[in-house]
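S.K.: Pasting a structure here, questions to come.
No value in this document is a laboratory result; all are computed from the given coordinates. Because the structure is a prediction, the values reported are computed rather than measured. Cβ sites come from the backbone with ideal geometry, for glycine too, and all protein chains shown count toward neighbours.
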Amino acid sequence: MAFVNASTLDSVRNLLINKYGYDPGRYEDFSLPTHNDKVTARFDWNVNDKNKLTFRYSFLNAYRDIGPSASNSNSGRGQSNTSLYFENMKYRQYNKLNSFVLEWNNNISNRFANNLTATYSRFRDYREIFGRPFPVVDLESGGRNYISFGSEPFSGLNNSGQDLWQITNNFNWYLGKHTLLFGVSGEYYKFSNGFAQFVYGQYRYASVGDFFDATDDNTVNPSFYQRTFSAIPGDPGPIAKLNTAAVALYVQDEFQVMNNFRLTYGVRIDVPWYPNDLATNDKVNAMTFRDGEKLDVSKLPKAQILWSPRLGFNWDVADNNTYQIRGGTGIFTGRIPYVWAVNQAGQNGLLFGNEFTMNPTNRPFTDDPNAYIPSNPAASSSYAINVMDANFKYPQVWRSNLATEIRLPADFILTLEGIYTKDINAVFHRDANLKYPTGTLPGPDKRPLFPGSSANRINSTITNAIVLDNSSKGYSYALTAQLQKTFNFGLSGMVAYTYTDAKDVTSSPGSQAASAFNGNQIVGDPNIPVLARTNFLVRNRVIGTLSYNIKYAKLLGTTLSVIYEGQPYNDGFDNSRISYVYGGNVNNDNGTSNDLVYIPRNASEIILIPSRAGFNQPADTRTPAQIWNDLDAYIKNNPYLDKRRGQYAERNGLEFPGTTGSTSASFRISISARSRLSLKANCKSPGISSMSATC
């Protein structure tokens with residue numbers, strides 16, 4: 001049992017300071033602070049009795065400190081009693097925003113009105129390391145990570161920028177019972193993304209003693225060395241850049257058929273495209289991938305017309321606001337997380353070279369982060385690529401809802417609503433360089449079996465070719481009941497219950513394309529994902545609020561609120577579902593945590609071998625029969641596993657405990673006060689109507 005002790009940590013720290021002048025920071029009693037500064041400001045100007053200008057500004061400057069990634073380490077990097085990292089291995093994530101909005105409202109006449117809005121937003125997200133640039137060093141014990149120090153492995157080059165321009169114009173025409181809306185909207189995004197791992201290098205040593213010997217006389221070699229470097233001459237940190245644009249046209253008619261019945265219908269057309277010229281990779285162009293597919297990292301999807309017709313109604317049945325029925329149906333178009341699109345510009349096999357060597361004899365330890373960069377750097381001969389399918393479409397769903405609102409005695413309002421959503425163009429990732437399975441596992445678990453390791457590759461030099469594609473298999477529905485009441489003395493309350501079910505082919509668990517692909521739990525071929533419950537499903541949810549509003553001094557207001565929320569426990573990443581997976585690469589598809597388990601019917605369907613003594617773990621002294629008895633008891637005590645004996649576990653098949661009988665709850669009391677400085681003017685003449693700012 002190898003526990004990290006203070007004397008070992010002190011000796012490592014002293015060596016780094018005395019020999020290399022590098023202070024790795026503390027190994028205990030350090031914090032991970034968060035901070036943010038926010039400012040909003042607004043200026044309203046009544047130009048005349050028909051025109052009004054509004055300007056809004058938003059500012060955000062935030063950061064938070066985060067511990068290092070566990071990637072490319074044996075069993076992770078602390079913090080625990082068996083693995084610790086030094087303070088300067090954390091990183092600081094900055095998020096900065098400046099947003100400007102100008103809005104012009106023009107009441108042309110009693111029949112015409114126009115609204116024009118222009119927006120510019122500037123986002124900058126970047127990481128900052130602590131201490132000077134230093135290679136990542138992982139010292140192991142018993143084959144597992146023990147002590148780590150150096151610069152965080154993914155933060156030496158990690159920054160992104162977004163510049164967004166938007167302009168929208170809405171023209172309203174009032175024609176008696178009809179209110180017509182004609183609209184046009186355009187947007188243009190500029191994205192930049194810098195990302196590379198281990199740009200200062202990484203060393204692994206089998207023990208603390210090996211590292212001390214290596215720094216003494218270089219008689220011990222590292223067990224592993226890697227680094228990433230730029231393949232672009234004169235540019236040490238290549239940045240992937242991508243531009244996107246979209247135009248939308250829409251028309252809508254709000255038709256007041258009768259005093260108590262309103263019908264709304266219309267259609268929207270979205271045309272997204274990518275005004276970019278990306279670099280091509282001739283080697284990739286010459287390759288053929290799965291099912292004869294050809295890929296080109298310079299090709300982006302062409303402009304496509306996406307239609308979104310919609311229809312809605314509102315019926316005040318008794319024409320006295322006591323019983324209303326409302327509903328609608330239509331197609332809605334959204335956007336993708338644009339980092340997936342930028343992946344194509346960055347993962348093209350042209351920007352970076354790397355070294356990845358086990359037991360190197362020519363890589364003695366050095367604190368120089370620029371050591372071992374080739375004098376004539378070139379792109380790696382083996383690399384990953386990311387591509388969007390040539391026919392890829394923005395996400396679209398068909399959504400319908402039906403609701404009723406009933407005013408009960410004592411002015412309580414009861415709302416009942418159902419919503420159904422069907423995917424038309426959902427997104428998922430597939431690996432076009434993954435061969436088909438060549439067999440099945442022996443025994444009762446007959447899942448498809450792949451050749452394994454590099455034999456899985458159709459093209460040997462491509463580690464993976466992740467393609468962003470569409471699927472139409474997903475759906476969701478939600479049923480809600482809500483009761484609310486507002487009193488005339490400032491008190492209001494609401495309680496609501498929602499039951500939801502939602503299934504998809506992937507919950508896209510990752511911002512990197514490879515992470516989204518490899519993190520999707522499956523039984524068969526990961527290129528053919530099956531429908532299962534989404535990661536973020538909250539099947540049962542209860543919300544209750546009680547608020548009291550106080551107004552005083554004509555300028556100030558305070559709201560006291562108590563909020564209750566009951567729902568299943570989640571894992572801290574907004575996931576409330578459980579997937580039972582094997583540790584390791586069971587089906588040889590190269591994914592190490594994506595294989596859903598097979599639940600044995602009885603002892604004849606599983607071979608159990610007592611584990612040997614290992615890191616921080618004594619040898620298992622139980623017999624195979626005793627191990628089965630313990631496993632069988634565990635399965636029996638889990639209703640989900642017990643009913644699936646002889647079957648595979650499902651992705652997100654089980655909800656975290658707390659769905660029935662007990663739920664997590666949070667109570668919040670919020671106190672807010674807002675004041676506004678008003679310079680009043682005659683509403684029928686030019687003047688400043690108001691100015692306000694909050695921090």
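S.K.: Report, in debye and to the nearest 20, how large the dipole of the range 403-457 comes out about its Cα centre when Lys and Arg carry +1 and Asp and Glu carry -1 on their Cβ. If you can, show how the numbers build up before the last one.
M.R.: Values: 7 positive and 6 negative charges, 117 e Å.
Charge dipole of the range 403-457: 560 debye, to the nearest 20.
S.K.: Once the piece of chain linking PHE123 and ALA318 is laid out straight, how much longer is it, given 0.36 nm per residue of separation minus the C-alpha distance between them? Please list the in-between numbers first.
M.R.: Values: separation 195, 0.36 × 195 = 70.20 nm, distance 5.03 nm.
Residue separation times 0.36 nm, minus the Cα-Cα distance, leaves 65.2 nm.
S.K.: Next question, about the same structure. If one takes the longest principal axis of the Cα atoms in the chain, at what angle in degrees, from 0 to 90 and to the nearest 10, does the Cα axis of helix 6-20 lie?
M.R.: 90 degrees
S.K.: Still on this model: Over the alpha carbons of the range 363-436, what is the largest minus smallest coordinate on each principal axis, giving the biggest first in Å?
M.R.: 82, 37, 22
S.K.: Highest mean first, how do 192-198, 104-110, 308-314 rank when packing is the count of other Cβ atoms within 10 Å averaged over residues? Write down the numbers at each step before the final one.
M.R.: Values: 192-198: 21.1, 104-110: 12.9, 308-314: 16.4.
Per-residue Cβ counts within 10 Å, averaged per peptide and sorted highest first, yield 192-198, 308-314, 104-110.
S.K.: Mind checking the full-extension length gain between GLN484 and ASP37? Use 0.36 nm per residue of separation minus the Cα-Cα distance, one decimal, nm.
M.R.: Details: separation 447, 0.36 × 447 = 160.92 nm, distance 3.55 nm.
Taking GLN484 through ASP37 to full extension adds about 157.4 nm, to one decimal.
S.K.: Ok, one more. Could you work out the percent of alpha carbon pairs in the range 72-174 separated by over 21 Å, rounded to a whole number? Walk me through the numbers before you get to the answer.
M.R.: Working: 3131 of 5253 pairs.
Cα-Cα pairs in the range 72-174 separated by more than 21 Å: 60 percent.
S.K.: Could you work out how far helix 624-636 tilts from the main Cα principal axis of the chain, as a 0 to 90 degree angle to the nearest 10?
M.R.: 0 degrees
S.K.: What's the Cα-based Rg to Rh of the range 124-203, Rh via Kirkwood? Write down the numbers at each step before the final one.
M.R.: On the way: Rg = 25.4 Å, Rh = 17.2 Å.
My calculation puts Rg/Rh at 1.47.
S.K.: How do ASP411, ASP525, ASP270 line up, fewest other C-beta atoms within 10 Å first?
M.R.: Fewest-to-most ranking of ASP411, ASP525, ASP270: ASP411, ASP525, ASP270.
S.K.: What ranking of ILE385, ILE269 emerges when the number of other C-beta atoms within 10 Å of each C-beta is taken as an exposure proxy, fewest first?
M.R.: Listing ILE385, ILE269 from fewest to most nearby Cβ atoms yields ILE269, ILE385.
S.K.: So between LYS190 and ASP632, what do we pick up on full extension, going 0.36 nm a residue minus the alpha carbon distance? Write out the running numbers ahead of the final one.
M.R.: Working: separation 442, 0.36 × 442 = 159.12 nm, distance 5.60 nm.
Contour length minus Cα-Cα distance gives 153.5 nm.
S.K.: Let me ask you something else. Please list 3J(HN,Hα) in residue order for the range 480-485, calculated via the Karplus relation 6.51 cos²θ - 1.76 cosθ + 1.60 where θ = phi - 60°; whole Hz, with x for glycine and proline.
M.R.: Once rounded to whole Hz, the list reads 10, 10, 9, 10, 9, 8.
S.K.: Step through the table entries LYS96/LYS190; LYS283/LYS446; LYS294/LYS446; LYS299/LYS435, compare each Cα-Cα distance with 27 Å, and write down the pairs that go over it.
M.R.: Details: LYS96/LYS190 16 Å; LYS283/LYS446 37 Å; LYS294/LYS446 32 Å; LYS299/LYS435 23 Å.
The answer is LYS283/LYS446; LYS294/LYS446.
S.K.: Using helices alone, I'd like the mean residue ellipticity at 222 nm for the chain: each DSSP H run of four-plus residues gives -39500 (n - 2.57), total over residue count, nearest 500.
M.R.: Values: 7 runs with 61 residues, N = 695.
Estimated from H runs of four or more residues: -2500 deg cm²/dmol.
S.K.: Using a 7 Å offset from the Cα along the Cα-to-Cβ direction at both ASP235 and ARG645, what is the distance between the two label points in nm, to one decimal?
M.R.: Each label point lies 7 Å from its Cα, and together they span 6.1 nm.
S.K.: Treating only the Cβ atoms of Lys and Arg (+1) and Asp and Glu (-1) as charged, compute the dipole magnitude of the range 262-361 about its Cα centre; round to the nearest 20 debye.
M.R.: Computed charge dipole of the range 262-361: roughly 260 debye.
S.K.: What is the calculated FRET efficiency for ILE543 to SER80, with r their C-beta to C-beta distance and R₀ = 30 Å, to the nearest 0.05? List each step's numbers first, then the result.
M.R.: Numbers: r = 37 Å, r/R0 = 1.22.
About 0.25, to the nearest 0.05.
S.K.: Starting from the amide H of GLN197, placed 1.01 Å from N in the peptide plane, find each other amide H under 5 Å away whose residue is 5 or more places distant or on another chain.
M.R.: Excluding prolines and chain starts, which carry no amide H, there are no hits.
S.K.: Still on this structure, please answer the following. What do you get for the angle between helix 208-217 and the principal long axis of the chain? Use alpha-carbon atoms, 0 to 90 degrees, nearest ten.
M.R.: 70 degrees
S.K.: Please work out the Cα convex hull volume for the range 489-543 and give it in Å³ per residue.
M.R.: Working: hull volume 5.1 nm³, N = 55.
Dividing the Cα hull volume of the range 489-543 by its residue count gives 92 Å³.
S.K.: Could you tell me the distance between the Cα centroids of the range 367-430 and the range 250-299, to the nearest Å?
M.R.: 14 Å
S.K.: Picking from TYR420, VAL562, TYR250, whose Cα lies most toward the positive end of the charge dipole for the chain (charges on Cβ: Lys, Arg +1; Asp, Glu -1)?
M.R.: TYR250
S.K.: Still on this model: Using the scaling law 2.2 N^0.38 Å as the reference, what is the normalised Cα Rg of the chain? Spell out each step's value before the answer.
M.R.: Details: Rg = 30.0 Å, N = 695, 2.2 N^0.38 = 26.4 Å.
So the Cα radius of gyration is 1.14 times the expected 2.2 N^0.38 Å.
S.K.: LYS52: which lysines have alpha carbons under 21 Å from its alpha carbon, excluding same-chain residues fewer than 8 sequence positions away?
M.R.: LYS680, LYS684
S.K.: Separate question: The range 400-464: percent of C-alpha pairs farther apart than 20 Å?
M.R.: Here the tail beyond 20 Å accounts for 64 percent of pairs.
S.K.: Still on this model: So what are the radius of gyration and Dmax for the Cα set of the range 449-551, in Å?
M.R.: 22.7, 74
S.K.: With 10 angstrom as the radius, rank HIS178, HIS429 by how many other C-beta atoms surround their C-beta, starting from the fewest.
M.R.: On the way: HIS178 11, HIS429 27.
Going from least to most buried by this count: HIS178, HIS429.
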